[in-house]
Ligand code: AMP
């Protein structure tokens, strides 16, 4: 099991930028583009995730649209497993399975290809995204994975907004590298 030193954690933490009032007033957006263009922080993070998950016997990494694709596909390549995109409605070209989730007003929907995990029945899947806020997106994505007969072993986030208690209600284990 990999643990980050306080010093390494600070390097990653300091590389994430706060954008106040984006995309709307009152929201502090955690901008990870500044992590991505800081090679030292990015490599520390990916080394940490590789070390943590190398013993999990994963079959796939599923990344949430869109920032989960970045971390998820690098990790999948490092671990030598497949990558599966969990996309917002209407983006995937083949037959999909969908899961709805509530937003402040209305609802949104995530989808995966129906055969995304078919190379292995009961596949062990790690779900990854950049950030968990209310947890609605991750909860829907995790139940989608289970719906297509794979098994969401853990949900991994680079950052968690702990005051929103997003991980409550997610049935899988949850791991967040950083907490705000
Ligand atoms: P939620 O479903 O509320 O947990 O929202 C998670 C999704 O919205 C993730 O894909 C995040 O990238 C994005 N998100 C929500 N709040 C923020 C925030 N304050 N900063 C950056 N991304 C956010």
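Where a number appears in this text, it was derived from the coordinates with a stated rule and is not lab data. Being a predicted model, the structure only gives us computed values, none of them experimental. Cβ atoms come from the backbone with ideal geometry, glycine included; neighbour counts cover every protein chain shown.
Brief remarks on what is shown
- Residue match in segment 10-19 (condition: within 16 Å of the ligand (Cβ to nearest atom), over 19 Å from residue 135 (Cβ atoms) and assigned to a helix (DSSP H, G or I)): yes
- For residue 98, the conditions (1) surrounded by fewer than 19 Cβ atoms within 10 Å (Cβ to Cβ); (2) part of a loop (DSSP other than H, G, I, E, B) all hold with the exception of (2).
- For segment 54-94, a residue qualifies if it is farther than 13 Å from residue 116 by Cβ and in a strand (DSSP E or B), and the qualifying residues are 64, 88.
- Of all residues making up segment 20-32, the number that are near the ligand (Cβ under 9 Å from one of its atoms), under 14 Å from residue 161 (Cβ atoms) and not in a strand (DSSP E or B): 2
- Just one of (1) within 13 Å of the ligand (Cβ to nearest atom); (2) in contact with a helix residue (DSSP H, G or I) (Cβ under 9 Å, 6 or more places away or on another chain) fails for residue 41. It is (1).
- Some residue of segment 166-176 being buried (at least 19 other Cβ atoms within 10 Å of the Cβ), closer than 28 Å to residue 54 by Cβ and more than 12 Å from the ligand (Cβ to nearest atom): yes
- Within segment 104-136, the residues that satisfy the criterion of being within 8 Å of the ligand (Cβ to nearest atom) and assigned to a loop (DSSP other than H, G, I, E, B) are 133, 134, 135.
- Flag for residue 75 being touching a residue at least 60 places away in the same chain (Cβ under 8 Å), more than 16 Å from the ligand (Cβ to nearest atom) and surrounded by 18 or more Cβ atoms within 10 Å (Cβ to Cβ): no
- Scanning segment 63-72 for residues that are free of Cβ contacts under 8 Å to residues at least 60 places away in the same chain and either in contact with a strand residue (DSSP E or B) (Cβ under 7 Å, 6 or more places away or on another chain) or away from the ligand (no atom under 16 Å from the Cβ) (or both) yields a total of 3.
- Filter pass, residue 58 being touching a helix residue (DSSP H, G or I) at 6+ places or on another chain (Cβ under 9 Å), surrounded by 13 or more Cβ atoms within 10 Å (Cβ to Cβ) and closer than 21 Å to residue 180 by Cα: no
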